[in-house]
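The values are calculated or read from the model by the stated rules, or taken from the named source; none is laboratory data. All values reported here derive from a predicted model rather than from experimental measurement. Here the Cβ positions follow ideal geometry from the backbone for every residue, glycine too, while neighbour counts run over all protein chains shown. For the accessible areas, the whole protein counts, side chains as well, though only heavy atoms, and no ligand, DNA or RNA atoms are used. Shrake-Rupley method; radii C 1.70, N 1.55, O 1.52, S 1.80 Å.
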Protein chains: 2
Amino acid sequence: MEEVEEVYTGSRAAEMEVVGGEACMGSPGHSLKEMLGMVRADLDRTVNFWLRNSHDLQCGGFFTCLGEDGHMYDDTKYTWLQSRQVWMYARLYNELDRFRTAEMLEAAVNGGQFVMSHVKRPDGTWKCYFSLTRQGQPLRTQRTLFAECFYMLAMAELFRATGDQKYRGEAVNMLNQIVHWARQDDSALGRERLSGQTGVSTLAVPMMLLYLTQELTTTMGDPSLTAQYEDAQQWCVTEILKHVQRGGSVVLENVSADGQELPGSAGRLVNPGHAIEAGWFLLRRVQATQDSSLQQVALSTFITASFRRGWDPQHGGLFSFLDVDDESPVQLEWDMKLWWPHCETLVALLMGYSVTKDAQLLRQFSTVFDYVYSHFVDKKQGEWYGYLNRRGDITHRFKGGPWKGFFHVPRCLLMCETMLEKLVSENTQQPSTPVTPTME
Amino acid sequence: MEEVEEVYTGSRAAEMEVVGGEACMGSPGHSLKEMLGMVRADLDRTVNFWLRNSHDLQCGGFFTCLGEDGHMYDDTKYTWLQSRQVWMYARLYNELDRFRTAEMLEAAVNGGQFVMSHVKRPDGTWKCYFSLTRQGQPLRTQRTLFAECFYMLAMAELFRATGDQKYRGEAVNMLNQIVHWARQDDSALGRERLSGQTGVSTLAVPMMLLYLTQELTTTMGDPSLTAQYEDAQQWCVTEILKHVQRGGSVVLENVSADGQELPGSAGRLVNPGHAIEAGWFLLRRVQATQDSSLQQVALSTFITASFRRGWDPQHGGLFSFLDVDDESPVQLEWDMKLWWPHCETLVALLMGYSVTKDAQLLRQFSTVFDYVYSHFVDKKQGEWYGYLNRRGDITHRFKGGPWKGFFHVPRCLLMCETMLEKLVSENTQQPSTPVTPTME
C-alpha cells in the first residue's frame, strides 16, 4: 500500500509551511505589480499545459483527463469541456495580443470542428450529448441544458475570432432554443413531470442564461442582438435576485418559483462560489445598465456576504456547500476546497475593487490570492490542482478530469491579468506596495 | 462563522485520543464475549434511534434525514430507504427473539403499507419512484433498477413475518421483472442506447440480483422458488466472477460484457467495500452449494485481497474508491471513510472466520471492529455517523441522510450478533481472550 500513499497524499500546503487562513493573515501580501507578474506567468504555463498535452491529433477534439504531469489517463470526451476549451482558445485569441497567434486560432477552429461534428445530436432537436468516445460517438446524455450552453459559448467566440457567419448562426439558434427551454417549456429535455414536484428556481439556470446573453450582446457589441436579448436579460436578473433571502444576508441556491424559501436541505443550500460567480455576472450587467442598486446588491450580498460566509476561518479556502441554518450539508464534498469557487472569487473581488476602489475588496482579493498560490497552483508542471480537503491537502492529483478542463483557471487568469494591468497603469493604489490580506 | 465551526468540525477520533490504524495496531483488542456485548447494545441503541425518531405518524412511512440527536432536517422520502427500513424491521422480527414484538411487526407492516401505496408507479410497468414528498407524491425517478430491488426485499421479508400471500406475490412478480431487466432487456428503464456505448458489466447488478434471489430461496426456504431461481443464481455468480482480474489480485467494479478489462477511470475502478460485500454474498451461495473453489475465491480475492488493498495504512479505515493502477481516482469521496463499507467488512470477515476458523480473519475483524467503535459509533445518542474524512474526523454530523437509513448498520449488527453468539457458544476460540488486531 505504500505506493498508494506516495501517489495520493502529498500535502503541498505542509511542504510550503503555510496552513490556511492563519498564514494568509500573517502574510505581508503581494503588490499589484507582483500579482500581475504571477498571474501572467501562470496563464502562460496553463495555456502551454493544454496546448502541449490535450490535443487529440488523431481523432480531433481534446483529451481533458490529464494527470499532474499532463499524461492522459482517460480518453472520454466530456462535451462541456470540449466546448469550453474551444471558447477559451478563441477568447484568448480575441482578447490578449500575445495569444493572437495562428496556433491559437487553429486550436479553436479545429476544436470547433470536432464540437460541431459530434456534440449536437443529429436529430434537429438542438439537444447535445454529455460525453463521447475518443472517436466522437455518443456515450451519455443529461436531462439538463448545460451542454447546450457551452456549445453556444464556443460558437459565439469562434464567430468573434473568425467573422464566419456559420458560427454566429449556430450561436443565435442555440441561444434561442435555450431561452425557450429556460423560460417557456423544458419538457424536451426529457425530465418527466411528477405530481409531487413544485416549481423550483435554481440559481444555475438564470445565471448561466445571463452570462450567455452577455456574450452575444455586450461582448460581441452587436446592437441588433442587444435589443433582441434585453428582455431575457431582465428576466435573468429578476430570477437571480429571487435567491437573495433573509434581509440580503444570504444567497440560497434553490427557491420557489415566486421567490420564497423552500423546506429541507435543498432549500437551505448555500453554494458560496456559485453566488460569488453570479455576483460578477451581475456586475457585468451593471456595466451595461449603470443600475446602482443592482451594483450594491451584487457587491454586498452576492460577493462580500458570500465570501465572508463561505471562507473557512480555521484553514482558509472557500467551503463548497453550507446549510444556512447550520445543519450538516448532505453533499459529500461540502468541506472540500475546489479550484473553481476560488477562480470565481478572484474575478469577483478584483472586479468589485476595479469598479469601487474599495480597499477592503482588494485586501480580500489578496487573501484569496495567497491561498490559491500556496495551495492550488503548480508552478513547476503548470495548471492548478483542483481538489483539496478542508485542511488544504491535495486529494486528487490530476489537473484535468470529468469536470475540470481548460476553462475556470484560464478565464480567471485572463480576466485578472486584464484588470490588474489596468489598475497598475491607473496607479490609484501604489502598484508596488504590498496589499495586506484580510478575511473580514 | 464560529457557529459553523462548532457544528461541523468536532473530531471524535481526536477526543478519544486514538488515531486510525496505528491505534488499532497497538490495541490489545476485545474478546469475542466483549464484542458480542458491544454489538448487542449497539443494535438496541440503533433500533431505538429509528423507532423513536423516524416514524411519520401523520403521513406514514419514515423520515430518514435525521440529525445526530435524531431531529428531522428534511422530510423527503427516499424510496430505497423506505423499503430498506421495512425489510429491516421485518428481518429483526423474524430473526431475533427480543425483537419478535408487536411493535416491530407493526412498524414493518405500516411501513409496507406506505411503500405499497406510493413507491411503485401506478402504470403497471413495475418501475418505482426514487423519491417522494412527505405525503407520498412522486418527486424523482432513476433510470436504474435499484429502487425496485429494495421494494422486492421489503415484500419478501414481510411475507416471512406475516405469511400474507399478497406480499409473496409482490416479491415474486417484482423479482421476475428485475431478472428480465438485468438479463434480457433493460430498455424500459429509460436509458437511451447510444452508438458509442459498449456492453459494460457492473458489479452492482449481478451482486444485487444474487442477494435478492438468495432472499427468496435460501432465506425463505421454499423449494419451488429455489428451483425457479437456480439458473438466475448461476448467472449472477458467473457475472460476478468476471470482475476478478489480474490473476485474482483485484476485483474491478466495471468490466466488459465478456469479462475483459475496460480502458479509462471506470475500467480501473476498485470499490473495496463493494467487492467485500459481494464476497459475503458469494459465501452465502457456498453455504447452499458447497462449492469449495467458489469459497476460495470469495475469501481470498473478494474479501481478503480487497481488505488489504482498501485499508488505509496511515490512518486506518477503508478507502471508498481506488484506481488499480494508482492513478488518482476521480470520485470526490475516494479517500473518505464511509460507514457502509465498514459494515460489509465486519460481516464478511466474521462470516469468513465462522466458515474457516482461520484466526487471521478474526484478527482482521478485530482491526475493523476497533476502528468502527472508535470512529463511527455514537454510544450516547445511538446509531453511527456515516462520513469521515481520511484522517477519521467526522465530516457529516447526521445519522440519516439521502443515502443512509436504517439498513447497513442494523443488518451488520444483526448478522454479527448472530455469528458471535454462535462462536461464543462453540467455544473454539477462547471467548474471553482478546483478539489481537492486524491489517495484514
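Scan segment B:409-429 for residues that are open to solvent by 20 Å² or more (accessible area, probe 1.4 Å) and either under 30 Å from A:Ser265 (Cα atoms) or touching a helix residue (DSSP H, G or I) at 6+ places or on another chain (Cβ under 8 Å) (or both) and report the count. Outline the logic, then answer.
Initially, segment B:409-429 is screened for residues open to solvent by 20 Å² or more (accessible area, probe 1.4 Å), giving B:415, B:418-419, B:421-422, B:424-429.
Still in the running and either under 30 Å from A:Ser265 (Cα atoms) or touching a helix residue (DSSP H, G or I) at 6+ places or on another chain (Cβ under 8 Å) (or both): B:415, B:418-419, B:421-422, B:424, B:429.
Here the count works out to 7.
Among the residues of segment A:119-178, those that are under 18 Å from A:Tyr211 (Cβ atoms) and acidic (Asp, Glu) comprise A:Glu148, A:Glu157, A:Glu170. Quick check, is A:Arg140 open to solvent by 40 Å² or more (accessible area, probe 1.4 Å) and in contact with a strand residue (DSSP E or B) (Cβ under 9 Å, 6 or more places away or on another chain)? Spelling it out, A:Arg140 is indeed open to solvent by 40 Å² or more (accessible area, probe 1.4 Å) and in contact with a strand residue (DSSP E or B) (Cβ under 9 Å, 6 or more places away or on another chain). If the condition is being over 20 Å from the mean Cα position of the chain (by Cα), open to solvent by less than 20 Å² (accessible area, probe 1.4 Å) and either within 14 Å of another protein chain (Cβ to nearest Cβ) or among the β-branched types (Val, Ile, Thr) (or both), then segment B:212-226 contributes no residue at all. For segment B:320-330, taking the residues that are assigned to a loop (DSSP other than H, G, I, E, B), more than 8 Å from chain A (Cβ to nearest Cβ) and free of Cβ contacts under 8 Å to residues at least 60 places away in the same chain, the one that is surrounded by the most Cβ atoms within 10 Å (Cβ to Cβ) is identified as B:Ser320. Inspect all residues belonging to segment B:162-173 and state whether any of them is more than 14 Å from chain A (Cβ to nearest Cβ) and at positive phi. Taking every residue of segment B:162-173 in turn, at least one turns out to be more than 14 Å from chain A (Cβ to nearest Cβ) and at positive phi. Taken over segment B:86-108, the criterion of being assigned to a helix (DSSP H, G or I), touching a helix residue (DSSP H, G or I) at 6+ places or on another chain (Cβ under 7 Å) and open to solvent by 50 Å² or more (accessible area, probe 1.4 Å) is satisfied by B:Glu95 alone. For beta carbons closer than 6 Å, sequence separation of 6+ or different chains, a first residue in segment A:388-412 that is farther than 18 Å from A:His315 by Cα and at the interface with chain B (Cβ under 9 Å from one of its Cβ atoms) and a second that is assigned to a strand (DSSP E or B) and open to solvent by 20 Å² or more (accessible area, probe 1.4 Å), the qualifying pairs are A:Pro402/A:Tyr78. The set of residues in segment B:59-81 that are within 18 Å of B:Thr141 (Cβ to Cβ) and either small (Gly, Ala, Ser) or more than 21 Å from the chain's Cα centre (by Cα) (or both) comprises B:Gly61, B:Thr76.
Within segment A:261-273, the residues that satisfy the criterion of being within 22 Å of B:Lys77 (Cβ to Cβ) and either free of Cβ contacts under 8 Å to residues at least 12 places away in the same chain or assigned to a loop (DSSP other than H, G, I, E, B) (or both) are A:Leu262, A:Pro263, A:Gly264, A:Arg268. Screening A:Phe365, A:Phe369, A:Phe302, A:Phe307 for residues that are within 13 Å of another protein chain (Cβ to nearest Cβ), hydrophobic (A, V, I, L, M, F, W, C), open to solvent by less than 10 Å² (accessible area, probe 1.4 Å) and in a helix (DSSP H, G or I) leaves exactly one candidate, A:Phe307. For segment B:334-359, the tally of residues that are over 15 Å from B:Leu282 (Cα atoms), open to solvent by 10 Å² or more (accessible area, probe 1.4 Å), out of contact with any strand residue (DSSP E or B) (no Cβ under 8 Å at 6 or more places or on another chain) and not small (Gly, Ala, Ser) stands at 3.
Within segment B:36-82, work out how many residues are β-branched (Val, Ile, Thr) and over 20 Å from B:Glu103 (Cβ atoms). Steps first, please.
Taking segment B:36-82 first, the residues β-branched (Val, Ile, Thr) are B:39, B:46-47, B:64, B:76, B:79.
Next, from what is left, pick out any that are over 20 Å from B:Glu103 (Cβ atoms): B:39, B:76, B:79.
Number satisfying all stated conditions: 3.
Of note, A:Ser293 satisfies the criterion of being away from chain B (no Cβ under 14 Å), more than 23 Å from the chain's Cα centre (by Cα) and open to solvent by 30 Å² or more (accessible area, probe 1.4 Å). Does segment B:199-211 include one or more residues that are over 19 Å from B:Gly259 (Cβ atoms), more than 14 Å from chain A (Cβ to nearest Cβ) and open to solvent by less than 30 Å² (accessible area, probe 1.4 Å)? So far as segment B:199-211 goes, yes, one or more of its residues are over 19 Å from B:Gly259 (Cβ atoms), more than 14 Å from chain A (Cβ to nearest Cβ) and open to solvent by less than 30 Å² (accessible area, probe 1.4 Å).
Only one of the numbered conditions (1) in a helix (DSSP H, G or I); (2) within 14 Å of chain A (Cβ to nearest Cβ); (3) open to solvent by 30 Å² or more (accessible area, probe 1.4 Å) is not met by B:Phe159, and that is (2).
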